[in-house]
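Heads up, the thing below is written out as structure tokens.
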Amino acid sequence: MLPTLGDFRRDQLATAALFCFLGFQYATWASRLPALKSRFGMDETQLGLLLMICGVGAAVSFPLVAPLMRRLGSRGLAVWSALVLVSVLPALAAAGSYPLALAVVFVDGVAVGCLNVAMNARGAALEEHYGRGAMAQLHATFSGGAFGGALLASGTNAVTHSVTAHFAVAAALLLLLLAASRPRVLAESRDRAPGKQPAKDGKKRLGSLAGASRAALWLGCAMVFGTVTEGAMNDWSALYLTEETGASGRLAPLGIAFFSVMMVLARLLGDGWRSRWGDALLVRAGSVLAGTGLALALLTGGTWPALIGFACVGLGMATVTPCLYVAAAAEGPGALALVAAMGTTGLLAGPALIGFVAGATDLTVGMAVVAASAVLVAVCSRWVTWKDRTAGAESEAVPH
């Protein structure tokens, strides 16, 4: 029986529940960093280390993902890593010391790395099975989940300052999202069993960085720079507005809002853009737009130029990550694991790196590093093999 549009939409929604889950979980604990900082008496360096440890956990997940995918399949890996992420919230709320918080956040990073690979493998399989673009919209639900997590944090904090109560409500909602993913996402017949797929050649059977193909390594580098850019916007835009442009407390949250709204809107439209212009053009043009838009905003100075620059980053980077994941999946399961692990590391460790740079100089210099990171995505993408979605052919970039 041929798959129908209804089948595609049901599978897409079920897969989207996992993307929404991850965005919601990340935003939930990240939104309470001020409260956690106060509880454990952290200074900026210790807070940066807490964020960095999460990125280290994501990097550690890389050698674990391939054997776990072979043993559990993407459905099993998605479920178990999601359950770990649910348990992280009450564990973090109950942590009585800074070292315990570091341990919990490290586990969070490992589980995020595993779920990131599993859900993107499902998204790539969805596109291949139905022959329809879906990845940009799936990543839009990640952004939507993060937005929802931030809204819940704000609403809960208005009622009670208890981190335990907030995380309990969030954990219950996460379990509902996981249940919503079961009917279709966990149907193994829809999954290409990434751990069992033959790689295109021996170089692409990735068990380590040493065995990675050239294309996979360039994809990983592009993903790191892209996720550093995304993560920095979420964690540092508000602080930049208040400390560097003198924005009021009322205007400061608009930095995340401008970035997030543009990113979600662009991702909702992104699969159509991919079909029309191709993934390679969107990655290169989008990352250049993000980098130059932010750089011009920093040079101009002021609150409103900064907001426009943040909007440029959201618009430009919206389709970058989805396109990179699709290209990685085409390289084989090992490449996808490598790229996802490097991307998660960039997303979680990048903001800490910007904090260290800002601490040594100032936040304007830190944000300039973000602008440079966006442009470097375009540089790395020149050595990536891209599937031309407009013609159905593959083309490989030739170094110049």
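The values are calculated or read from the model by the stated rules, or taken from the named source; none is laboratory data. Quantities reported herein were computed from a predicted structural model and do not represent experimental measurements. A quick note on method: Cβ atoms are made from the backbone with ideal geometry, for glycine too, and the neighbour counts reach across all protein chains shown. These accessible areas exclude ligands, DNA and RNA; they are computed on the full protein's heavy atoms, side chains included. Shrake-Rupley method; radii C 1.70, N 1.55, O 1.52, S 1.80 Å.
A few comments on the model shown:
- For region 182-203, the criterion of a residue being touching a helix residue (DSSP H, G or I) at 6+ places or on another chain (Cβ under 7 Å), open to solvent by less than 50 Å² (accessible area, probe 1.4 Å), at pLDDT 50 or above and within 25 Å of Thr345 (Cβ to Cβ) is satisfied by no position.
- Verdict on Gly286 being closer than 27 Å to Ser213 by Cα, at pLDDT 95 or above, in a helix (DSSP H, G or I) and in contact with a Leu (Cβ under 8 Å, 6 or more places away or on another chain): yes
- Only helices (runs of 4 or more DSSP H) whose full extent lies in region 296-380 are considered here, and the ones with at least 3 residues that are open to solvent by less than 10 Å² (accessible area, probe 1.4 Å) and among the small types (Gly, Ala, Ser) are 303-317, 333-360.
- Summed over region 20-52, residues that are touching a residue at least 40 places away in the same chain (Cβ under 8 Å), assigned to a helix (DSSP H, G or I) and open to solvent by less than 40 Å² (accessible area, probe 1.4 Å) total 18.
- Hits in region 69-86 (condition: within 21 Å of the chain's Cα centre (by Cα) and open to solvent by less than 60 Å² (accessible area, probe 1.4 Å)): Met69, Ser74, Gly76, Leu77, Ala78, Val79, Ser81, Ala82, Val84, Leu85, Val86
- If you filter region 92-110 down to residues that are open to solvent by less than 10 Å² (accessible area, probe 1.4 Å) and not aliphatic (A, V, I, L, M), you find that the one that is farthest from Val56 (Cα to Cα) is Asp108.
- Single unsatisfied condition, Val365 versus (1) closer than 22 Å to Gly144 by Cα; (2) free of Cβ contacts under 8 Å to residues at least 12 places away in the same chain: (1)
- Within region 295-309, residues that are under 17 Å from Met233 (Cβ atoms) have Cβ atoms under 7 Å from residues that are surrounded by fewer than 19 Cβ atoms within 10 Å (Cβ to Cβ) and β-branched (Val, Ile, Thr) in these pairs: Ala297/Ile308; Leu298/Thr364, counting only partners at least 6 apart in sequence or on another chain.
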